[in-house]
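Right, one structure below, let's go through it.
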Amino acid sequence: MLELYYASGSLCSQKVKLVLAEKNLDWTGHLLNLLTFENLQPAYMKLNPKGVVPTLGHAGQVITDSAVIIQYLDEQFPHFPLTPTALESQAKMQRWIDLQNQFPMREVMYGNYRGLDGWVLRRSVRIKQKLLPQLIQTHPDLRTQYAAKLADVKQWNATVQDRQAIARINEKIEPMLTQLETQLVQTEWLCGTTYSLADVVWTAVLNRLEELKFDSLWADTRPRLNAYINRLKARPSFKAAIQADAMPLPMLLAGLRRTLLSL
Ligand SMILES: N[C@@H](CCC(=O)N[C@@H](CS)C(=O)NCC(=O)O)C(=O)O
C-alpha cells in the first residue's frame, strides 16, 4: 500500500500526486496542516527528520524528498513510464529536475504572495521560528532535527522579510523561462516526444508561478512555453493532483486561528 503524507497547496506534494495520478495508482493520504505546524509534531519528525512534506510510506520503507519519491515511484511502478528509455534523455531529465530543485521556489512563494495569503504565510514562518526553540527544549531526543530546522527557518524568515532579497530571486525567474522556451522550440515535452518526470516537476512550478501572477512573463512573449503550460494543464493528472488540492475549510480555519493568535 502507498501512504502519502502531504499538505494542501504544497508544491512538493503536488509533484508526487501528479505521478500517482499519471500512473493511476491507489494511495492513502495523511493530510497535514502546515499552518498548525503538524509537520513539526514529534511523531512526524521521526518519519521525516526535516519536518517537511511529502513523505511516502511503501512496503515498510519511508521515503522523503519529492525528487527521490517520484523517481522511486517510477521505478517501482513501471507501467505508464515517466522516464525516457534513451540514456541521453535520462540525463536531460535529471538536469531539468535539478534545475528546478536548485531554484528557491519556497522563497519565491513566501516572498511574493500578496494580501491575506502572503501575510498568513510569512507570519507562519515567524511563528515557526518562535516555536522551534520550545520544541528543542521539550523533545531532547529530537534536538538535532529541531535545531537544524530552526537554522533553516531563521534563514527562510530573514529572506522572505527582505524585499530586496526577494526582488533579486525574482530576477532569476525570467532566464529560467527562457531556457524552457528554447527547449520547447525543439521538443514537445522537456525530454523529447514523451511526457516525463521533468514535465511533472515543472507542471507544479509553472502553475505556482502563474498563481503568483508571473504568467505575464510568458503569455505574450514565450509562445512555446505558453502552449506547453496549456498541454500540462489539459492532462487528467493536473485536475486530480492540483485543481483538487484546496485545503478543507476546517483545516483552513484552524490554521488561520493559529496564525492570528500566536506570536
Ligand atoms: N526538498 C524537499 C522540500 C520539501 C518542502 O520544503 N516542503 C514544504 C511544502 S512544499 C514544507 O513541508 N514546508 C513546511 C516547512 O518547511 O515547515 C522535497 O522536495 O520534498
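All of the numbers you see were taken from the coordinates with simple rules; none came from a lab. These numbers were taken from a predicted model, which means no experiment stands behind them. Cβ: placed from backbone, ideal geometry, glycine included. Neighbour counts: every protein chain shown.
Partners of Lys213 within straight-line reach, counting aspartates and glutamates whose Cα lies under 16 Å from its Cα and excluding those fewer than 8 residues away in the same chain: Glu107, Asp117, Glu171, Glu174. The gain in end-to-end length when the Asp220 to Asp117 segment is fully stretched comes to 34.3 nm, 0.36 nm per residue minus the alpha carbon separation.
Counting only residues at least eight positions apart within a chain, or on another chain, the aspartates and glutamates with an alpha carbon under 12 Å from that of Lys23 are Asp74, Glu75.
Ranked from largest, the principal axis spans of the Cα set of the stretch 87-243 equal 54, 37, 29 Å.
What does the net charge come to around Val160 if you take all other residues with beta carbon closer than 11 Å to its beta carbon, with K and R at +1 and D and E at -1? Taking every other residue near Val160 into account, the sum is +3.
In percent, rounded to a whole number, the relative contact order of the stretch 2-84 is 35, using alpha-carbon pairs under 8 Å and six or more apart. Considering only Gln71, Gln186, Gln102, the Gaussian network model of the chain with Cα springs below 10 Å gives its largest mean-square fluctuation to Gln102. For the stretch 163-263, the Cα-based Rg and Dmax, in that order, read 16.8, 52 Å. Cross-link check: pairs Lys17/Lys239; Lys128/Lys149; Lys17/Lys154; Lys15/Lys233; Lys50/Lys172; Lys46/Lys128 evaluated at a Cα-Cα cut-off of 21 Å; pairs beyond the cut-off: Lys17/Lys154; Lys50/Lys172. Remark: the stretch 2-84 carries a charge dipole of roughly 180 debye about the Cα centre, counting +1 on each Lys and Arg Cβ and -1 on each Asp and Glu Cβ. Quarter the surface of the alpha carbon convex hull of the chain and you get the mean projected area, 14.3 square nanometres. In a simple Cβ point-charge model (Lys, Arg +1; Asp, Glu -1; nothing else charged), the stretch 87-243 has a dipole of about 600 debye relative to its Cα centre. With the helix formula -39500 (n - 2.57) applied to DSSP H stretches of n ≥ 4, the chain reaches a computed 222 nm mean residue ellipticity of -19000 deg cm²/dmol. The mean sequence distance of close C-alpha pairs (under 8 Å, at least 6 residues apart), as a share of the length of the chain, puts its relative contact order at 27 percent.
How much length, in nm to one decimal, is gained on full extension between Asn101 and Ala165, taken as 0.36 nm per residue of separation minus their Cα-Cα distance? Extending this stretch completely gives an extra 21.2 nm. Other residues with beta-carbon under 15 Å from the beta-carbon of Thr28 carry, at +1 per Lys or Arg and -1 per Asp or Glu, a net charge of -1.
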